[in-house]
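Everything on this sheet refers to the single structure shown next.
The values are calculated or read from the model by the stated rules, or taken from the named source; none is laboratory data. Quick caveat: nothing in here was measured; it's all calculated off a predicted structure. As a convention, Cβ positions derive from the backbone with ideal geometry for all residues, glycine included, and neighbour counts pool all protein chains shown. The accessibility values were calculated without ligands, DNA or RNA, using every heavy atom of the protein model including side chains. Shrake-Rupley method; radii C 1.70, N 1.55, O 1.52, S 1.80 Å.
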4 protein chains.
Amino acid sequence: MFNEESHLAAPIRWGMVGGGRGSEIGYAHRASAARDRFFALTAGAFDLDAARGREFGRDLGLDPERCYADYQSLFAQEAQRDDGIQAVSIATPNSTHYAISKAALEAGLHVICEKPLTFTCAEAQELADLAKARHKLFAVMYGYSGFPMLHQARAMIEQGLLGDIRIVTMQFAHGFHSAPIEEHSPGAKWRMNPAISGPTYVLGDLGTHTYYLMEMLTGLEVDELCCMRQSFIQSRAPLEDNAHVMFKFKTGAVGTLWASSVNAGSMHQQKIRVIGSKASIEWWDEHPNQLRYEIQGQPAQLLDRGMPYLLKNDAICSRIGGGHAEGFFEAWANLYHRFAMAIDAFERADQAMLDTLWYPDVQAGMNGVRWLEACVESADQGAKWVKF
Amino acid sequence: MFNEESHLAAPIRWGMVGGGRGSEIGYAHRASAARDRFFALTAGAFDLDAARGREFGRDLGLDPERCYADYQSLFAQEAQRDDGIQAVSIATPNSTHYAISKAALEAGLHVICEKPLTFTCAEAQELADLAKARHKLFAVMYGYSGFPMLHQARAMIEQGLLGDIRIVTMQFAHGFHSAPIEEHSPGAKWRMNPAISGPTYVLGDLGTHTYYLMEMLTGLEVDELCCMRQSFIQSRAPLEDNAHVMFKFKTGAVGTLWASSVNAGSMHQQKIRVIGSKASIEWWDEHPNQLRYEIQGQPAQLLDRGMPYLLKNDAICSRIGGGHAEGFFEAWANLYHRFAMAIDAFERADQAMLDTLWYPDVQAGMNGVRWLEACVESADQGAKWVKF
Amino acid sequence: MFNEESHLAAPIRWGMVGGGRGSEIGYAHRASAARDRFFALTAGAFDLDAARGREFGRDLGLDPERCYADYQSLFAQEAQRDDGIQAVSIATPNSTHYAISKAALEAGLHVICEKPLTFTCAEAQELADLAKARHKLFAVMYGYSGFPMLHQARAMIEQGLLGDIRIVTMQFAHGFHSAPIEEHSPGAKWRMNPAISGPTYVLGDLGTHTYYLMEMLTGLEVDELCCMRQSFIQSRAPLEDNAHVMFKFKTGAVGTLWASSVNAGSMHQQKIRVIGSKASIEWWDEHPNQLRYEIQGQPAQLLDRGMPYLLKNDAICSRIGGGHAEGFFEAWANLYHRFAMAIDAFERADQAMLDTLWYPDVQAGMNGVRWLEACVESADQGAKWVKF
Amino acid sequence: MFNEESHLAAPIRWGMVGGGRGSEIGYAHRASAARDRFFALTAGAFDLDAARGREFGRDLGLDPERCYADYQSLFAQEAQRDDGIQAVSIATPNSTHYAISKAALEAGLHVICEKPLTFTCAEAQELADLAKARHKLFAVMYGYSGFPMLHQARAMIEQGLLGDIRIVTMQFAHGFHSAPIEEHSPGAKWRMNPAISGPTYVLGDLGTHTYYLMEMLTGLEVDELCCMRQSFIQSRAPLEDNAHVMFKFKTGAVGTLWASSVNAGSMHQQKIRVIGSKASIEWWDEHPNQLRYEIQGQPAQLLDRGMPYLLKNDAICSRIGGGHAEGFFEAWANLYHRFAMAIDAFERADQAMLDTLWYPDVQAGMNGVRWLEACVESADQGAKWVKF
Ligand SMILES: NC(=O)c1ccc[n+]([C@@H]2O[C@H](COP(=O)([O-])OP(=O)(O)OC[C@H]3O[C@@H](n4cnc5c(N)ncnc54)[C@H](O)[C@@H]3O)[C@@H](O)[C@H]2O)c1
Ligand SMILES: NC(=O)c1ccc[n+]([C@@H]2O[C@H](COP(=O)([O-])OP(=O)(O)OC[C@H]3O[C@@H](n4cnc5c(N)ncnc54)[C@H](O)[C@@H]3O)[C@@H](O)[C@H]2O)c1
Ligand SMILES: NC(=O)c1ccc[n+]([C@@H]2O[C@H](COP(=O)([O-])OP(=O)(O)OC[C@H]3O[C@@H](n4cnc5c(N)ncnc54)[C@H](O)[C@@H]3O)[C@@H](O)[C@H]2O)c1
Ligand SMILES: NC(=O)c1ccc[n+]([C@@H]2O[C@H](COP(=O)([O-])OP(=O)(O)OC[C@H]3O[C@@H](n4cnc5c(N)ncnc54)[C@H](O)[C@@H]3O)[C@@H](O)[C@H]2O)c1
């Protein structure tokens, strides 16, 4: 069970870039970072529109002085203060992640950045190198990886309960963009603009989440992949609103991934199924408290969050008893919790602690970008197989 | 969509009685009250064990001075301070609700009390009268009533989409106490002790939630009921670990309710189905983002939280887009949000505002107790029908 | 696996009374009796309208001479023939079951009669006595009892896998009669006419099936029951379109049953859940190939028909591999198979064989009628408890 | 509703090759062909072992004289008889389909052959040509295509309810061969032997069914495909126990298909989802009475078999009321019903009738083989895209 009493010597002074009024994901960051009192929102550059950003910050209870016009000012001025922020979350459109992350690291901040991390692998590598050089922690917001039942799955796989992993099927396929709603939705519009979204749309917006879950659950490494992508709404070209990927992993395992925003009528349908020689597990993000565990030759089992039969593991942790529904926000809070613990351990140079702590880091972010690059390379050559 | 910017002039200074270390429901209160920055946890008497309560409060970041040894001190000393608490939540075992609530009202505090409100209807009435006399708001923590999809259901029923309500089936039946685990679980033990739990166990612990959902959804009033209750683990007698109730409502509608803690293998199975002359709705607390809507003669419909086709209504409000799972904590945060808005409106004597605000109040709490009294009366006469 | 080669020395010469053109359940009898070539449809009095019945029989491939104008002629004339029928199925409205069954027994036929068996217990007893006196087998068409997964459940309960049985919840509640469609549906109309339907509508039409499943699965005997019934469409009075029953069984176990034809939007929702001290099982007739098995403290299990992990037992028998859907007709065919085997063993006076054969017999039919009588007695005294 | 009275002037005299004692699919053919009395099983060469085949036929009630030692004798001797068989079903392992079908056509029989039809497209073409030349009807046993809800889906698509078809996802992936059980299962063993199974295992055994459903539902034609296949149990090479296919259709639509027998813990998981610009439909063979219909922007709908809101169409036909479960055998019976009607119309040269009759014919069988050839071509070149 979650230990509410655990706390840091002091909450980490924390700022945000982006995530302003009406943004899709800003609230999720704030609600989750604040959840366990490990982060204190202290400053921000929330919005491209400086005045709106300031008003917004003030409404959130911030000192208006610390609601900056842009991230440059945020980093520069906070760096001047004794009580300046120590960490920053970046929840801006994709095109800006690289520059803002870089500036944040250079300003001496720990960074929590949204996905996809950057446009290119080279940029991601640069951030990784810079984080190392500056001794800063760099986390990436693969939010689903905070769900306890996925850690249950991960531990089961690690213990060999599935046998050798043979196949992984992944999908994240909603239908909200079946029609060209971007004409009236700025949040949809930028996602389909390569200058802002980067080289992909649904692969980077959706697929990258499930791809990361695969990495996290199985540790499999891609050997080759083949990707086809389409824009069923043609004005979205060159970016795809639908994509299918086939994988060959280094171990001989194989996989598929489907990312889509034109899966008409579907809410999310983010699902991952890991199939081993003895058993399979399956998880569905719309009903995240359950995990299906199917041992070949036995009745299928439905595991529920919060139950004593789950493995003992810090990441398989509940905030409310089994039966009750935990959701998206608990997953994110669990992640922010770990980010804070990692930052704290990092600052205290407590490597032993850090070694026990799991969280999606800059390497995970870079892997995602590398995967996107490979998908684009494949798709743009007519869905050819490419070596990873 | 939830408006993160909405805030009060200042957060309500808020205290807690009970909900200390290891308690079942304390964290839920704190996490939910804090969620929207409408309440600031400022003081508390968290634990029967004063030292443990103080340590706990300190770990939560409270001023240890304001972690009191008992609720009497809490109320007395906070009343002396200019910055004393304005409201208190009571999350102690049932036997104490009446006395603590009364003391809180007398100390000039708004009260949010756990369910079941009191042991007797007379006590509940007294609290209602006292709240009125002291001009204080009194809310009761029927937490499930914060789920947006239930408000969707409520609005649909109000608009007549179901036709005349004919039947309501209710159940809240878990299996966690199939064996006498109370021998090793203090949290289970007090629930089966009439001195602490009151005249019922599963009816007051579980059934009262679903009964309230029925009231909230349909507004139906009971005319007569018939209740049988059992203790399958005999040492639990006179309290029941299983109960079944049949209802005749004043309109001619009928209903059933099943409350159990010996429904072996079940997680919660809290479900409510409201059946009208034209259509039915069904909701299940383990998958709270969905609502089943079945119009006779048409395909069954699955409504999802966060979708534009839902009715427009402040209480059908989302904190994250549809497809993502919201859960228990959002439901509770929604309720605490409304409690704060109500307290604020109340203090500002803004009756117009209050009139638009829905929340479970002392009357709702009293109705629950009245229902429990009727159930006991019926059951203890051999499951006879009793007038309500 | 089903053994297609098993056969009798010769198929049983079989006739039908009722089940004519456009009848609801006639085809189910013929398709199921014919399935394993154990019964040969040879004669019938299919219809109240003699000409239509003859035409119908001829279309089914019968000798028109043997399509009789009424059951009296059928029984009389077939009795004259060397190759006359040996058994008859009665698929006429309820009011006629008693007289036709009696005449059939007196004509020396084995009888398979639809449910509810008779209007009164006394009549049912008379049939039981007569069958005994005439040395004839008498089966009752509780069709759901032919589903293999229910026999799996039965065997699991018998083996004690659930522990002591504590609670049984039952429901069969569709919504097809939410509006007064009987005005245009003769099949619905007679069901609501006490002269034809008997003393109950939904209890005898629907509830009696699930009540029998309870008997078959658990062997529990009712000690007392309490029943309320309503006609939401008032013109249906005195018969009910909705009813709720509470049970106290002799062992101390309890139960509930809900029968309805005004559960708007529902297809069938026939479900039975048997709850023991250690585990529960649950079965749903709309998805009959699955059985939910929930051991308290372990993940819920989903058992599938046709799998090697099922218990070995003649009645847990598949006609096609697991994964494929079997349905209603296999359940009925399984029952007719057993009726034939029982008739055959009976004729050969093979008591040893008979002792190993399970099927719903006249006693099962009588139990159903007795239950209906008790329900009516209770309901008509204002839902009072009545001793069974 | 199914019309039980419909019948042919006389049942078609029908024989079988294969499907003998213990075979997997023989019973399904016999039970389904016999269901509506359109076919009369009259002769057969059921088994490779002549004596066993004769004994088996006799147990089924056949004249032992007409239980032949091999298909050659069957065809030759039946051709001599006035009352010789008119049609034959071929339910032998794949390698024999071509020769037996050819011989049957040459012997003047209508043919119903199991899938996959042949090893090569050339062979399939030859059979198609021969059937034409000999004026015989040739049907292929794509059994799932008999499910009414798939015809509902087909009609909905045809009416444009989905808009333009964009994506089709298909899977048929069980786990029964996760371990090398073929060592003890002859039925599994031949499927993995290219000499008997042909150039594929799971693609031809499972995938071909779902591929046909796609053709039947959408009429889409493949432009290019890319297939990877594996044998996770290595002794199965060169045949695959797992395969993934990506499709580009001529219209610009795309698709994926997954066939597997190593999807550990899965029963069947045959699913097809057709996604259009406005809505999607999804069907799952383990719960075949339901169809999910998801219009973008509206609540998901669950359509149930047997309901008045379904489209009116001969192929959307029920044998028992909605709510009851129909299954595999009804689907097959529906197909055999149509085969018989087609044979009858064919013999009567009733082209008008034939034009209204839908059933999977030799062209459908050939399409399947062509698809398998393309899959193998792709897979064996390292999962390259191949033109169709
Ligand atoms: N982890 C997840 O589940 C998840 C979900 C949604 C979005 N995302 C990611 O989060 C990021 C933001 O997405 P969104 O949907 O919230 O976008 P959005 O367009 O809704 O909001 C972006 C916000 O950033 C602000 N902004 C833009 N540029 C800025 C700049 N240079 N400086 C300061 N503020 C700036 C905008 O004013 C706006 O408030 C994207 O990278 C997206 O991929 C992740
Ligand atoms: N709304 C819900 O969903 C929900 C869920 C669980 C519990 N509850 C209700 O909440 C209440 C508490 O239940 P619980 O399960 O958390 O109990 P618990 O036994 O787990 O915790 C009770 C806490 O109250 C403290 N306490 C007891 N008496 C006190 C006193 N006089 N002064 C100060 N502190 C005191 C205890 O030390 C302990 O920390 C009960 O009324 C219960 O019915 C409601
Ligand atoms: N076991 C089940 O699941 C199930 C399902 C449906 C009906 N039933 C039972 O089957 C019986 C028939 O129900 P139904 O819905 O098919 O009724 P129906 O009204 O649809 O058909 C009754 C048929 O019986 C014929 N008939 C009536 N009286 C006759 C007589 N005296 N002699 C000869 N034929 C006569 C009618 O002409 C008609 O063909 C009822 O007892 C009903 O309770 C059982
Ligand atoms: N449509 C479906 O859903 C489905 C399902 C299962 C099998 N099938 C197909 O049906 C065919 C048979 O498969 P199965 O699993 O039943 O095989 P099986 O091995 O279980 O049975 C094959 C039967 O054919 C007999 N046989 C073999 N060669 C013969 C010959 N030359 N002459 C006469 N009899 C012969 C065998 O003795 C045996 O009885 C295969 O083509 C398979 O792909 C289709």
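State all residues of the range B:332-365 that are in contact with a Ser or Thr (Cβ under 8 Å, 6 or more places away or on another chain), within 15 Å of B:CYS113 (Cβ to Cβ) and of a type in the set (A, V, I, L, M, F, W, C); if no residue qualifies, say none.
Residues satisfying the conditions are B:TRP332, B:LEU335.
If D:PHE176 satisfies all but one of (1) in a helix (DSSP H, G or I); (2) open to solvent by 20 Å² or more (accessible area, probe 1.4 Å), what's the number of the condition it fails?
Among (1) in a helix (DSSP H, G or I); (2) open to solvent by 20 Å² or more (accessible area, probe 1.4 Å), the lone unmet condition for D:PHE176 is (1).
Does the range D:56-69 contain at least one residue that is free of Cβ contacts under 8 Å to residues at least 24 places away in the same chain, under 15 Å from D:SER89 (Cα atoms) and within 12 Å of ligand 4 (Cβ to nearest atom)?
First, pick out the residues of the range D:56-69 that are free of Cβ contacts under 8 Å to residues at least 24 places away in the same chain: D:57-59, D:61-65.
Those still in the list that are under 15 Å from D:SER89 (Cα atoms) too: D:57.
Then keep just the ones that are within 12 Å of ligand 4 (Cβ to nearest atom); that gives D:57.
Yes, the range D:56-69 has at least one match.
Look through the range C:93-123, keep the residues that are over 30 Å from C:TRP284 (Cα atoms) and among the aliphatic types (A, V, I, L, M), and return whichever of them is most open to solvent (accessible area, probe 1.4 Å).
Pass one, the range C:93-123, residues over 30 Å from C:TRP284 (Cα atoms): C:96, C:98-110, C:122-123.
Adding the requirement that they be among the aliphatic types (A, V, I, L, M) leaves C:99-100, C:103-105, C:107, C:109, C:122.
Numbers: C:ALA99: 45, C:ILE100: 6, C:ALA103: 27, C:ALA104: 0, C:LEU105: 1, C:ALA107: 35, C:LEU109: 8, C:ALA122: 72 Å².
Within the range C:93-123, the match that is most open to solvent (accessible area, probe 1.4 Å) is C:ALA122.
Condition first: assigned by TED's automatic domain parsing to the domain that holds A:ASN263 and at pLDDT below 95. Can you find one or more residues in the range A:172-183 that meet it? Step through it out loud before you land on a result.
Residues of the range A:172-183 assigned by TED's automatic domain parsing to the domain that holds A:ASN263: A:172-183.
Imposing the further condition that a residue be at pLDDT below 95 reduces the set to A:183.
Within the range A:172-183, one or more residues are assigned by TED's automatic domain parsing to the domain that holds A:ASN263 and at pLDDT below 95.
Could you please let me know if C:GLN77 is in contact with a helix residue (DSSP H, G or I) (Cβ under 7 Å, 6 or more places away or on another chain), more than 14 Å from chain D (Cβ to nearest Cβ), away from ligand 1 (no atom under 16 Å from the Cβ) and open to solvent by 60 Å² or more (accessible area, probe 1.4 Å)? So that I can check it myself, show each step before the final result.
Details: in contact with a helix residue (DSSP H, G or I) (Cβ under 7 Å, 6 or more places away or on another chain): no; more than 14 Å from chain D (Cβ to nearest Cβ): yes; away from ligand 1 (no atom under 16 Å from the Cβ): yes; open to solvent by 60 Å² or more (accessible area, probe 1.4 Å): yes.
No: the conditions fail for C:GLN77.
Which of the residues spanning the range D:305-348 are part of a helix (DSSP H, G or I) and under 26 Å from C:GLY143 (Cα atoms)? Spell out how you get there, then give the answer.
Step one: list which residues in the range D:305-348 are part of a helix (DSSP H, G or I), which gives D:328-347.
D:PHE328, D:PHE329, D:GLU330, D:ALA331, D:TRP332, D:ALA333, D:ASN334, D:LEU335, D:TYR336, D:HIS337 - these are the residues of the range D:305-348 that are part of a helix (DSSP H, G or I) and under 26 Å from C:GLY143 (Cα atoms).
Just give me the residues in the range C:305-315 being modelled with pLDDT of 95 or more, buried (at least 18 other Cβ atoms within 10 Å of the Cβ) and under 18 Å from C:LEU217 (Cα atoms), in sequence order.
Matches in the range C:305-315: C:ARG305, C:LEU310.
Every residue in the range B:153-164 that is more than 10 Å from every other protein chain (Cβ to nearest Cβ) and crowded, with 23+ Cβ neighbours inside 10 Å, please. Before the answer, list the steps.
Our first condition is that a residue be more than 10 Å from every other protein chain (Cβ to nearest Cβ); within the range B:153-164, this holds for B:153-161.
Within the range B:153-164, B:ALA153, B:ARG154 qualify.
What's the total number of residues in the range A:132-166 that are touching a residue at least 40 places away in the same chain (Cβ under 8 Å) and not in a loop (DSSP other than H, G, I, E, B)?
19
Among the residues of the range D:373-388, write down those that are part of a helix (DSSP H, G or I), away from every other protein chain (no Cβ under 14 Å) and in contact with a helix residue (DSSP H, G or I) (Cβ under 7 Å, 6 or more places away or on another chain).
D:GLU373
Please determine, by comparing only the residues of the range B:303-335 that are among the basic types (Lys, Arg) and farther than 15 Å from B:GLU4 by Cα, which one is nearest to the chain's Cα centre (by Cα).
Here is the first cut: in the range B:303-335, the ones among the basic types (Lys, Arg) are B:305, B:312, B:319.
Next, only the ones that are farther than 15 Å from B:GLU4 by Cα stay: B:305, B:312.
Working: B:ARG305: 21, B:LYS312: 24 Å.
So, considering only residues that are among the basic types (Lys, Arg) and farther than 15 Å from B:GLU4 by Cα, the one nearest to the chain's Cα centre (by Cα) is B:ARG305.
Out of the residues in the range B:296-317 that are within 14 Å of chain C (Cβ to nearest Cβ) and without any contact (Cβ under 8 Å) to a residue 24 or more places away in the chain, which is farthest from C:ASN263 (Cα to Cα)?
Kept after step one, since they are within 14 Å of chain C (Cβ to nearest Cβ), are these residues of the range B:296-317: B:296-303.
Among the residues that remain, those that are also without any contact (Cβ under 8 Å) to a residue 24 or more places away in the chain are: B:296-302.
Working: B:GLN296: 9, B:GLY297: 12, B:GLN298: 13, B:PRO299: 14, B:ALA300: 13, B:GLN301: 15, B:LEU302: 17 Å.
Applying the filter and picking the extreme gives B:LEU302.
Which residues, counting only those in the range B:63-88, are within 23 Å of A:PHE38 (Cβ to Cβ) and under 26 Å from the mean Cα position of the chain (by Cα)?
Within the range B:63-88, B:CYS67 is the sole residue that qualifies.
From D:GLY53, D:GLY57, D:GLY44, D:GLY61, which residue is more than 16 Å from ligand 2 (Cβ to nearest atom) and touching a helix residue (DSSP H, G or I) at 6+ places or on another chain (Cβ under 6 Å)? Let's see the steps before the verdict.
Details: D:GLY53 fails: touching a helix residue (DSSP H, G or I) at 6+ places or on another chain (Cβ under 6 Å); D:GLY57 fails: touching a helix residue (DSSP H, G or I) at 6+ places or on another chain (Cβ under 6 Å); D:GLY61 fails: touching a helix residue (DSSP H, G or I) at 6+ places or on another chain (Cβ under 6 Å).
When all the criteria are applied, what remains is D:GLY44.
Is one or more of the residues making up the range B:23-40 more than 16 Å from ligand 4 (Cβ to nearest atom), surrounded by 24 or more Cβ atoms within 10 Å (Cβ to Cβ), in contact (Cβ under 8 Å) with a residue 60 or more places away in the chain and of a type in the set (Phe, Trp, Tyr)?
Yes, the conditions are met somewhere in the range B:23-40.
Which one is surrounded by the fewest Cβ atoms within 10 Å (Cβ to Cβ), of the residues in the range C:7-22 that are within 11 Å of chain D (Cβ to nearest Cβ) and away from ligand 3 (no atom under 12 Å from the Cβ)? Before the answer, list the steps.
Quick first cut of the range C:7-22, residues within 11 Å of chain D (Cβ to nearest Cβ) only: C:7-8, C:10-11, C:19-22.
Narrowing the set further to residues that are away from ligand 3 (no atom under 12 Å from the Cβ) leaves C:7-8, C:10-11.
Details: C:HIS7: 16, C:LEU8: 16, C:ALA10: 12, C:PRO11: 19.
Restricting to residues being within 11 Å of chain D (Cβ to nearest Cβ) and away from ligand 3 (no atom under 12 Å from the Cβ), the top hit is C:ALA10.
Checking C:GLU126 against (1) in the same structural domain as C:SER261 (by TED's automatic domain parsing); (2) open to solvent by 10 Å² or more (accessible area, probe 1.4 Å); (3) not hydroxyl-bearing (Ser, Thr, Tyr), only one condition comes out false. Which one?
(1)
Does D:VAL88 qualify as being more than 8 Å from ligand 4 (Cβ to nearest atom), in contact (Cβ under 8 Å) with a residue 12 or more places away in the chain and open to solvent by less than 30 Å² (accessible area, probe 1.4 Å)?
On the way: more than 8 Å from ligand 4 (Cβ to nearest atom): yes; in contact (Cβ under 8 Å) with a residue 12 or more places away in the chain: yes; open to solvent by less than 30 Å² (accessible area, probe 1.4 Å): yes.
Yes; evaluated as a whole, the condition is true for this residue.
When you go through D:GLU221, D:GLU182 one by one, which is the residue that is open to solvent by 20 Å² or more (accessible area, probe 1.4 Å) and not polar (S, T, N, Q)?
Details: D:GLU182 fails: open to solvent by 20 Å² or more (accessible area, probe 1.4 Å).
Exactly one residue qualifies, and that residue is D:GLU221.
Could you check how many residues of the range B:171-228 are among the β-branched types (Val, Ile, Thr), more than 13 Å from ligand 2 (Cβ to nearest atom) and more than 14 Å from chain C (Cβ to nearest Cβ)?
Residues that pass the stated criteria total 1.
Please go through the range D:229-275 and give me each residue that is within 12 Å of chain A (Cβ to nearest Cβ), among the hydroxyl-bearing types (Ser, Thr, Tyr) and touching a residue at least 40 places away in the same chain (Cβ under 8 Å), ordered by number.
Of everything in the range D:229-275, those that are within 12 Å of chain A (Cβ to nearest Cβ), among the hydroxyl-bearing types (Ser, Thr, Tyr) and touching a residue at least 40 places away in the same chain (Cβ under 8 Å) turn out to be D:THR251, D:THR256, D:SER260, D:SER261, D:SER266.
Please go through (1) in the same structural domain as C:ILE295 (by TED's automatic domain parsing); (2) open to solvent by 50 Å² or more (accessible area, probe 1.4 Å); (3) farther than 27 Å from C:GLY26 by Cβ for C:TRP190 and return the number of the only condition it doesn't satisfy.
Status for C:TRP190: all satisfied but (3).
Just one of B:ARG348, B:ARG370, B:ARG292 is of a type in the set (D, E, K, R), within 14 Å of chain C (Cβ to nearest Cβ) and open to solvent by 30 Å² or more (accessible area, probe 1.4 Å); which is it?
On the way: B:ARG348 fails: within 14 Å of chain C (Cβ to nearest Cβ); B:ARG370 fails: within 14 Å of chain C (Cβ to nearest Cβ).
B:ARG292 is the lone residue from the list that is of a type in the set (D, E, K, R), within 14 Å of chain C (Cβ to nearest Cβ) and open to solvent by 30 Å² or more (accessible area, probe 1.4 Å).
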